[in-house]
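Remarks on the structure that follows.
The values are calculated or read from the model by the stated rules, or taken from the named source; none is laboratory data. Small disclaimer: the values here were computed from a predicted structure and weren't measured. Methodologically, a virtual Cβ is constructed for each residue, glycine included, from the backbone with ideal geometry; neighbour enumeration extends over all protein chains shown. The area values use the complete protein model at the heavy-atom level, side chains included, leaving out ligands, DNA and RNA. Shrake-Rupley method; radii C 1.70, N 1.55, O 1.52, S 1.80 Å.
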Amino acid sequence: MAASRSNVDEIRNRVILQEFGVRNVHTTDYPGNYPGYDDAWNMQKFQKNFRIDIVEMDETTMEFDMVGIDAAIANAFRRIMLAEVPTMAVEKVYIYNNTSIIQDEILAHRLGLIPIKADPRLFEYRNIGEEGGEEEGTEIDTIQLQLKIKCTRNPRAPKDSSDPRELYLNHMVYSKDMKWVPIGNQADVFADANIGPVHGDILIAQLRPGQELDVVMSCVKGIGKDHAKFSPVATASYRLLPEITLMETVEGEKAERLKSCFSPGVIELENCNGKVIAKVVNSRPDTCSREVLRHDDLKNLVKLARVRDHFIFSVESTGILPPDVVVTEAIKVLMSKCRRFLNELDSTEVD
């Protein structure tokens, strides 16, 4: 027996959450799969349905909706933000003096993971193919930082004090102690850039009187695919928009329990003719925990689903680039991949 059109629409457009499983998880709207549906690619149809809505954004975080695309494209976009948007990070560490208790290789690793505030769009990739190119950087592809600090006793410390913060000077080495050393004409070109660590309060090492650090660092342009230190985001994730439907009116004590089964703000209680009735006011914040399905008298009153082509993205930047710039650069990378793929197809047809 052929499925009704409403059932087919549900299979195509909704992921159904059930008590012991999840239904309609696979994309099925490809050409010829459903009689009566034209699923051939259409640019006008895509442009009409596709949209990006920015929900919330500040200096480091951004939440936006991407609607009208397939999960494969959404996941490719997420992976590009994680691994293919370039940033600047410490690549080589030259340790001239390290008398702290931290080994050289551990110190170098800690320095490499400190995010560096520098716009990667203003730099070129380091060319290590040329002979000697690995040793010397230039003003167009390298940033040089220096960390030179020595711990001494505080001559003004109280005699009866045992607090290291009072007894010693420079005993805590923070990322703010890393100073930018301009190369070539960088002092003029990046005069207003304020190049240096994103956060100045990252603890690098602890020293005691007589111990010191003298380190020079070279920062280069790279991508997270090569090393995680180049990733511009702390997290980049997406989830499908929840959809909660009440199959019948829920009132009284059941309404109270129904509200407690969902995230705050999803279900609200309304007083209608002296009766307390549950209403779905905003399904977006729900975590889809399916807690309601544990209650035998409630599980048949609610239908839980997710909208298949509505993706809620959450992006948290490391601070190197603003989150909106990370998203924009990821779109550019995705576009360049598409162009390269089309060029390969054209060259193959010619051959």
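Observations
- The lysines within cross-link reach of LYS259, meaning a Cα-to-Cα straight distance under 30 Å and a gap of 8 or more places when in the same chain, are LYS275, LYS279, LYS299, LYS303.
- Answer label for semi-axes √(5λ) of the Cα gyration tensor in Å (calculated), chosen among [x] 33, 22, 21; [y] 52, 32, 15; [z] 32, 25, 20: [y]
- Using a probe of 1.4 Å on the protein chains alone, the accessible area found for VAL93 is around 40 Å².
- Taking all protein chains into account, the per residue accessible area for the chain stands at 59 Å² (1.4 Å probe).
- Surface composition of the stretch 1-91: carbon and sulfur make up 53 percent of the accessible area, probe 1.4 Å.
- Spin-label model distance (nm) - MET57 vs PHE20, 7 Å beyond Cα toward Cβ: 4.7 nm
- Taking HIS310, HIS109 and ordering them by how much accessible surface each has at a 1.4 Å probe, largest first, produces HIS109, HIS310.
- In straight-distance terms, cross-link reach from LYS45 covers every one of the lysines whose alpha-carbon lies under 27 Å from its own, apart from those fewer than eight places away in the same chain; here that gives LYS332, LYS337.
- In this calculation the C-beta distance from LYS254 to ASP29 is compared with R0 = 30 Å, giving a FRET efficiency of 0.20.
- Full extension of the chain between LYS48 and SER162 gives 34.1 nm of extra length, using 0.36 nm per residue less the Cα-Cα distance.
- Karplus (6.51, -1.76, 1.60) ³J(HN,Hα), θ = phi - 60°, over the stretch 320-335, in Hz, Gly and Pro reported as x: 5, 10, x, x, 5, 5, 4, 5, 4, 5, 5, 5, 5, 5, 4, 5
- The distance linking the stretch 211-261 with the stretch 48-74 is 14 Å (Cα centroid to Cα centroid, whole angstrom).
- The mean sequence separation of alpha-carbon pairs under 8 Å and at least six residues apart, normalised by the residue count of the stretch 87-231, gives a relative contact order of 42 percent.
- HIS199 accessible area, assembled protein chains, probe 1.4 Å, Å²: 80 Å²
- Computed FRET value (nearest 0.05) for VAL216 with GLU344, which takes r as the C-beta separation and R₀ as 51 Å: 0.75
- For the chain: relative contact order, % (alpha-carbon pairs under 8 angstrom, 6 or more apart): 25 percent
- Within the chain, helix-based [θ] at 222 nm, where runs of 4 or more DSSP H residues each add -39,500 (n - 2.57), nearest 500: -7000 deg cm²/dmol
- Shown for the stretch 203-351: the carbon plus sulfur share of the solvent-accessible area, taken with all protein chains present and a 1.4 angstrom probe, equals 50%.
- Accessible surface of ILE202 - all protein chains present, 1.4 Å probe, nearest 10 Å²: 50 Å²
- Residues LEU269 and ASN185, FRET efficiency given R0 of 45 Å [Cβ-Cβ distance, rounded to 0.05]: 0.10
- Close amide H pairs (under 5 Å, H built 1.01 Å from N) link VAL302 with MET247, residues at least 5 positions away or on another chain.
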